[in-house]
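One structure below.
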């Protein structure tokens, strides 16, 4: 059964590796969530709250739209 | 003998949180007890007048076993999860306890469940208004609860597995 995609895409996986190959568990610990949640966000199976999205962006020291993108209907 | 527990690497298998384990247990227990209840009561209802059917005791058993089974199963599921991680040498802390995502999934499942149970309750109201036998009223309430629980469980599992 294919995962249900959200319209929010992200670059978390790439950014984790840019940040010293941070593991999912490391990232989860820093955000105060489970590794399962990090994986779900990374795979586009869960759209984080706005607050968590800002926390993730802050963790990578990047602006929010450098981490998350909102996929429009026309694919833009 | 002491074992050093490590944080999971990205290629370690993803395990279920306590909340997700509890949903699986809840869904399994409710399905088993409901099927068992109807397997006992439906043949009785088909073979004798509705007013004579003994349904209260089986229903109390079904409800009791559902509650106790879910609690006990969830506890064993949690312990099993922690043991499974420890055997693989992975630190259970941060892997099992729920977080915001679990709360969001719970909210989603609860709202769908309330929708189904609430709709079925309208049927109960109609049965009471027309003076139906208590058998029908009691069993429609039970069915509403079962349907609500089933929708809740399936909604949560799909949210965990497929996303939402």
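One residue is enough: does the range B:16-30 have a residue meeting the conditions at negative phi, loosely packed, with under 15 Cβ neighbours inside 10 Å and more than 14 Å from chain A (Cβ to nearest Cβ)? Yes; the residues of the range B:16-30 include at least one that is at negative phi, loosely packed, with under 15 Cβ neighbours inside 10 Å and more than 14 Å from chain A (Cβ to nearest Cβ).
Residue pairs whose Cβ atoms lie under 7 Å apart, separated by 6 or more positions or on different chains, with the first residue in the range B:86-101 and more than 7 Å from chain A (Cβ to nearest Cβ) and the second surrounded by fewer than 13 Cβ atoms within 10 Å (Cβ to Cβ), are B:89/B:3; B:89/B:6; B:90/B:6; B:91/B:6. Is the range B:97-106 home to any residue that is part of a helix (DSSP H, G or I) and within 28 Å of residue B:37 (Cα to Cα)? Yes, that holds for at least one residue. Those residues that are assigned to a loop (DSSP other than H, G, I, E, B) and in contact (Cβ under 8 Å) with a residue 40 or more places away in the chain, I need them from the range A:49-71; list them, please. Answer for the range A:49-71, where residues must be assigned to a loop (DSSP other than H, G, I, E, B) and in contact (Cβ under 8 Å) with a residue 40 or more places away in the chain: A:60, A:62, A:71.
Per-residue answers, yes or no, for (1) modelled with pLDDT of 95 or more; (2) in contact with a helix residue (DSSP H, G or I) (Cβ under 8 Å, 6 or more places away or on another chain); (3) surrounded by fewer than 16 Cβ atoms within 10 Å (Cβ to Cβ):
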position	(1), (2), (3)
B:89	no, no, yes
B:96	no, yes, no
B:106	yes, yes, no
B:157	yes, yes, no
B:162	no, no, yes
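Close Cβ contacts (under 6 Å, 6 or more residues apart or on different chains) running from residues in the range A:16-29 that are at the interface with chain B (Cβ under 9 Å from one of its Cβ atoms) to residues that are modelled with pLDDT of 90 or more and outside any helix (DSSP H, G or I) comprise A:16/A:22; A:28/A:34.
The values are calculated or read from the model by the stated rules, or taken from the named source; none is laboratory data. None of the values given here were measured: they were computed from a predicted structure. Every residue, glycine among them, receives a Cβ derived from its backbone with ideal geometry; neighbour counts consider all protein chains shown.
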